Every structure is written in structure tokens, then in C-alpha cells.
Amino acid sequence: MTTSVRGGQLARLLGQWHSLPGRHKRPDYDALAGAVRGLLADSRLPLGTRLPAERELAESLGISRTTVSAAYRSLRETGHLTSRRGAGSWTTLPTGHRVGSSGLWAPDDDVDMIDMGVAASAAPVELVAAARAAADDLPRYLGSAGYHPTGLAELRAAVAEGYAARGVPTSAEQILITSGTQQALDLVLRLSVPAGAPVLVESPTYPNALAALSARRARISTHGLDPRTGWDAELLLGALRQTRPRLAYLIPEFQNPTGHLMPAGLRERLVGAAHATGTELVIDESFVDLPLDGAPMPPPVAVFDRHSRVVSIGGMSKAYWGGLRIGWVRASAPLVQRLAALRVGVDMSSPVLEQLVAVRLLAQEQTIVAARRAQLEFRRDALVAALTELLPEWRVCVPGGGVTLWAELDGPISSALARAAEDVGVRLAPGPRFGLDGTLERFVRLPFTLAADDLTEAVRRIAAVRHDLDRTSRPAWGTPAVIA
Ligand SMILES: Cc1ncc(COP(=O)(O)O)c(C=O)c1O
């Protein structure tokens with residue numbers, strides 16, 4: 001899908017391109033082309049974006065048109081730009097780059113492996129008692145067939161109360177219980193995204209969401225997040241207006257993988273823009289329970305929704321346990337009914353016993369979530385301390401919540417690093433898994449859900465293999481520039 005970037009927007013994305021180290025050796029056109037390649041490699045500038053006309057970019061950057069012409073020529077030569085006379089120039093990647101489509105999952109095969117590919121915690125201690133108590137609740141349901149396509153009324157009510165407590169008045173009829181957040185997303189996509197429909201997602205984003213979108217054969221365009229600052233309001237809203245997607249899938253709370261939290265102002269503007277473009281906003285709240293360090297939370301995106309543009313999805317996998325497979329959709333009551341009708345054709349309904357366990361756990365929310373936050377703070381700090389000590393050349397932006405950290409590496413080595421780490425017993429999810437086109441090689445996602453000792457040991461092993469890495473795996477066009 002073609003979007004375009006204006007001269008001023010590209011200038012802002014490029015930042016300090018001309019004063020990068022090495023300027024004295026590199027002509028300006030070369031530095032500019034290198035900076036554009038860096039933006040592409042980091043997925044900040046989506047593939048298929050129309051770049052500004054040479055004259056416009058020259059004006060925005062305050063440089064000569066000849067310099068921009070030479071930079072565009074250099075980009076064409078390396079396969080990063082395709083131009084057609086009279087029509088413009090589009091970003092591309094050199095042939096040979098992989099297009100990822102599979103989700104993030106690894107077999108549970110090796111008990112000695114420190115698995116940092118999965119961003120989810122072990123169960124809370126309260127789980128066994130909750131499961132026993134739920135078994136005692138079970139007889140209340142055994143007299144019926146046990147199919148409840150929208151979910152058990154008591155669980156729907158408990159989830160609705162959670163939304164009301166966060167400032168979004170919600171009735172139980174607005175809640176559909178699903179098998180995890182993943183099924184919530186899948187059902188919403190089945191209903192709203194016919195094959196070929198345009199969809200906007202963040203880049204990087206959650207790989208299993210990309211897999212669900214691929215399965216629906218959506219036409220995906222991306223908004224590139226800044227690894228340090230997150231969403232660029234103007235570019236995100238501009239992408240919405242330009243592509244007018246059927247649906248936008250976003251993770252505003254401690255985004256997976258970057259850990260960023262979307263500010264309240266952008267939430268409000270996003271809902272307004274989605275209303276104007278007729279876009280359904282699917283807001284994945286998987287990490288909403290997990291602000292760390294006592295940080296205050298902005299209002300949920302649904303607070304700003306006056307036109308039923310927002311469908312919120314969430315679940316219990318991150319604050320409680322993924323093995324419960326309890327998630328939900330919050331939407332208008334009629335939409336919940338349509339989703340329930342669809343889900344009957346998929347898996348009929350969620351298991352009764354697990355839903356009863358969920359009710360028991362939600363009744364102890366305060367205690368369980370507080371303990372989870374304290375655990376994650378401790379583990380995040382241990383991971384950051386190990387990285388600072390053993391891999392000081394990597395840049396990390398310490399997340400204020402969630403369970404993942406998006407580390408900026410010292411080169412486009414993420415896939416090679418993941419392969420080498422596997423050999424020393426650490427499973428990693430390399431950066432390209434979180435994008436669409438084989439970009440994001442300068443990043444790796446590091447969850448802090450394992451015990452602190454395991455995280456420290458994993459970093460020690462990663463640091464050891466990092467220093468032996470075969471640098472020939474770097475692309476021929478060299479290290480992307482670091483963009484400020
Ligand atoms: C952003 C996001 N959405 C959805 C999921 C899937 O969650 P669930 O286990 O609730 O299906 C995850 C799990 O990692 C996630 O990070």
C-alpha cells in the first residue's frame with residue numbers, strides 16, 4: 001500500500017543525519033542515503049513509502065537539490081529506492097531480504113534452554129487454591145450442557161467491573177470471553193477484515209498478531225515506532241488519513257516489544273482520526289495491568305470513543321497465567337453477539353472450569369497484580385543491570401511497564417546473534433520477527449519474565465557469543481546509521 005512522506009516529516013525522522021560520526025569522511029549525499037537506509041532497516045520508514053520530490057526534500061533539509069539527487073541515485077543503486085519518471089520514488093529493500101509471516105512460537109523441547117523467546121510469566125502462587133475453589137463452584141454449571149459462547153455471566157461481569165474501575169463504564173453484555181487475547185484478535189479480524197482489506201499496525205509489533213493478519217490476507221501497512229520515544233503522533237495520524245485502513249491494531253500500553261506507553265493526548269487524537277477515516281481501532285490491552293514503579297496510567301483508549309470505533313481486547317496471560325487461556329473482547333453489545341455467533345463456528349465456547357478459576361483469581365486482583373508488578377520490577381532491574389555491565393555498547397530504553405525490553409544492538413546482527421545464542425542455551429526472539437520485511441536487524445526483544453538469576457546468566461552467555469559473532473552476516477550495504 002502506498003503512503004507518502006512529506007519533506008518536513010522525513011527531515012524530522014532523519015534527525016541529525018549530517019552530523020553523524022564519520023561526516024568528515026563521507027560526502028553529504030552518502031550520509032543522507034545511509035540515514036535513509038537506516039530508517040528502512042529499523043522499520044521507521046515503511047517499505048513502499050513515496051519519498052518527497054528532490055526539490056521538496058532539499059528545501060526541508062536546507063541542502064542542495066544535487067545532494068538529494070545523488071542520495072536518491074545511490075539508494076536506487078543499492079536497491080532501496082525505485083523511481084518512475086513522473087510518478088515518484090518508493091522505498092524498497094534489496095532483493096534477498098526475507099519476508100516473515102510466521103508467528104512467534106518455539107517448541108517446549110529443551111529444559112536446559114533459557115527461553116527468552118516467550119514474554120510471559122509462570123503462574124502466581126494463588127493459582128492452585130483458585131483452581132480447587134473453582135472445582136467447588138463447578139456443580140452450579142454441571143446441570144447444563146456447558147456451552148456459553150459469550151462466556152460465563154459471572155466472569156463477564158467481573159471483567160466489565162475492571163473496565164468500569166478504569167473509567168470506562170461497561171456492562172457484562174459488552175464482554176465476550178475468549179480463549180486468550182489471541183483468539184479475541186482472531187475473531188475481530190474474521191468479522192472485520194475481508195481478504196485484501198487495508199490494515200495498519202505498529203512496527204515493530206507482536207508477531208502472532210502479524211500471523212493472524214496474514215491468515216486473513218490483510219493488506220498491511222505500518223507505522224514505525226521510534227525505539228526511544230515510541231509513536232510519532234503526526235506520522236501515525238497521517239498514515240491513518242492516507243491509507244484509510246479498515247482496521248488499525250495497536251498496543252498502547254507497554255507496547256510489545258518496545259515497552260512504550262501511549263500518552264493520553266495521542267489516544268484522544270487517534271480515536272478522532274479513526275472516526276474521520278472510518279477505521280475500527282483494535283486496542284490490545286495485554287499489558288494494561290502492569291505499570292511498574294507506581295507510574296500513573298493514561299485513560300484507556302475506549303474512554304475517548306463516542307462512535308463505537310474502539311474494540312478493546314485483553315486477557316489474563318500477563319498479570320496472571322497464559323495457561324488459563326482466558327481473554328476477552330470489550331465492544332458494543334450487538335458486536336459481542338455477532339462475534340459470539342462467529343466463535344461458535346470456531347471453538348463453541350471457552351472451558352467452564354478455567355472461567356471459574358479466572359473469576360476466583362480476579363477476586364484477588366489487588367494482591368496478585370501487586371505481587372506480579374513487584375516481581376517484574378525486580379527482574380527488569382536485574383536484566384538492565386546485567387546488560388549495562390556486560391553489553392554496555394547496546395542501548396536500552398528502560399520500560400515503565402509490561403514485560404519486554406527492546407534492546408538496540410551495536411550492528412544489524414540480531415538474527416545471527418539469536419542463532420549463536422541458541423548454541424549456548426539461550427533462545428531469543430530476533431528483531432525481524434517483529435516486523436514484516438526482514439528489517440529490524442539492529443534490535444532484539446528481551447523479556448524480563450524469567451527469574452533474575454536466569455536473566456543474568458542469559459546475558460552472560462549472550463555477551464560471550466556476541467563477541468565471537470561472524471560479522472560477514474552483515475548486509476553488503478553496511479551498518480545503518482544511528483538516527484537521533
Ligand atoms: C500484545 C499481545 N497480544 C496478545 C498476546 C497473546 O496473549 P494471550 O495469551 O492472552 O492469547 C500477547 C502475548 O504475548 C501479546 O503480547
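None of the figures in this text is laboratory data; all of them are computed from the coordinates on show. Small disclaimer: the values here were computed from a predicted structure and weren't measured. Glycine gets a Cβ as well: all are built from the backbone with ideal geometry, and neighbour counts include every protein chain shown.
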Check your understanding: Say R0 is 41 Å: what FRET efficiency, to the nearest 0.05, do R26 and D453 get from their beta-carbon distance?
Key -> 0.35
Review point. Which ³J(HN,Hα) values, rounded to whole Hz and listed in residue order, are derived for the range 304-319 from phi using the Karplus coefficients 6.51, -1.76 and 1.60 in 6.51 cos²θ - 1.76 cosθ + 1.60 with θ = phi - 60°, glycine and proline given as x?
Key: 8, 8, 10, 10, 6, 8, 9, 10, 9, 10, x, x, 9, 5, 8, 7
Exercise for review: Can you tell me how much longer the chain between A129 and H18 gets when fully stretched, taken as 0.36 nm per residue apart minus their C-alpha distance, in nm with one decimal?
Suggested key: 33.9 nm
Practice item. Distance from a point 7 Å along Cα→Cβ of R73 to each backbone N in the range 25-40: keep the residues under 17 Å and list them by number. Key: 27-34
Practice item. Pull up all non-local amide H partners of V426: gap of 5 or more, or a different chain, and H-to-H distance under 5 Å with H placed in the peptide plane. Key: I114
Practice item. Could you state the angle between the C-alpha long axis of helix 127-137 and the longest principal axis of the C-alpha atoms of the chain, as a value from 0 to 90 degrees rounded to the nearest 10? Key: 40
Review point. Restricting the count to DSSP beta bridges whose residues both fall in the range 127-363, what percent are antiparallel, rounded to a multiple of 5?
Key: 35
Check your understanding: What is the dipole size for the range 3-91, taken about its Cα centre, with +1 at each Lys and Arg Cβ and -1 at each Asp and Glu Cβ, in debye to the nearest 20?
Key -> 100
Review point. Suppose R0 equals 51 Å; then what is the FRET efficiency for S144 and F378 from their Cβ-Cβ distance, rounded to the nearest 0.05?
Key: 0.70
Practice item. Could you give the size of the charge dipole of the range 217-279 about its Cα centre, using +1 on the Cβ of each K and R and -1 on the Cβ of each D and E, expressed in debye and rounded to the nearest 20? Key: 360
Exercise for review: List every residue whose amide H lies under 5 Å from the amide H of L405, counting only residues 5 or more places away in sequence or on a different chain, with H placed 1.01 Å from N in the peptide plane.
Suggested key: L446, F448
Review point. What is the packing order of peptides 440-450, 337-347, taking the mean over residues of other C-beta atoms within 10 Å and listing the highest first?
Key: 440-450, 337-347
**Study point:** Long-range HN-HN contacts of G224 with modeled amide H, under 5 Å
**Key:** S203
Check your understanding: Antiparallel as a % of all DSSP beta bridges within the chain, to the nearest 5?
Key -> 50
